[in-house]
1. Once you have the Cα-Cα distance between Leu29 and Val14, take 0.36 nm times their residue separation minus that, and quote the gain in nm to one decimal.
2. Once phi is turned into ³J(HN,Hα) by the Karplus curve 6.51 cos²θ - 1.76 cosθ + 1.60 with θ = phi - 60°, what whole-Hz value does each residue of region 23-31 show in order, with x for glycine and proline?
3. Can you tell me which of 56-64, 123-131 comes out highest on packing, and rank the rest after it, using the mean Cβ neighbours within 10 Å?
4. Sort 26-36, 45-55 by packing, meaning the average of other beta carbons within 10 Å per residue, with the highest value first.
Amino acid sequence: MDPMDIVGKSKDDVSLPKATMFKIIKEMLPPDVRVARDAQDLLVECCVEFINLVSSESNEVCCREEKRTIAPEHVLKALEVLGFGEYIEEVYAAYEQHKLDTLDSPKVGKFAGIEMTEEEALAEQQRMFAEARARMNNGASVQRQSDSDRSLDG
């Protein structure tokens, strides 16, 4: 694979979060086993290469079906084509669990459990927009608002 094959980025620009990967590696091994740092780096590089391989083949499967969006079934077919058929059942089970954990669960946001009227939500949204504008303008809007508040009070 050419280093520039990955959506216009050089191979050095594409990676996985090393701390997360190291944690996964550590959790998969018995507690008394240590892994050298260069071996951990090699495992991370293997993971990146595997993701590139599966993504590329998934894209090929998708294109053969004249689709524009890679779907889970394209990834499963790619695993089969690449010779990883023995993992399909486990990958599919993980996908189903992911759907149960995230896709089917109600979206819980910052204000979960807080009931607001539409007017209160709109007012909160406007306040948050004003704060964001103020941060973008290095506090200039906040100061102007404070000055206008003082003139109303005085």
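1. Full-extension gain reported as 2.8 nm.
2. 5, 4, 4, 4, 5, 7, 10, x, x
3. Descending packing order for the listed peptides: 56-64, 123-131.
4. Values: 26-36: 8.9, 45-55: 14.2.
Highest-to-lowest ranking by the protection proxy: 45-55, 26-36.
Read the figures in this text as sums done on the coordinates, not as results from a lab. The model shown is predicted, which means the values in this text are computed figures rather than measured ones. Glycine also receives a Cβ, built like all others from the backbone with ideal geometry; neighbour counts cover every protein chain displayed.
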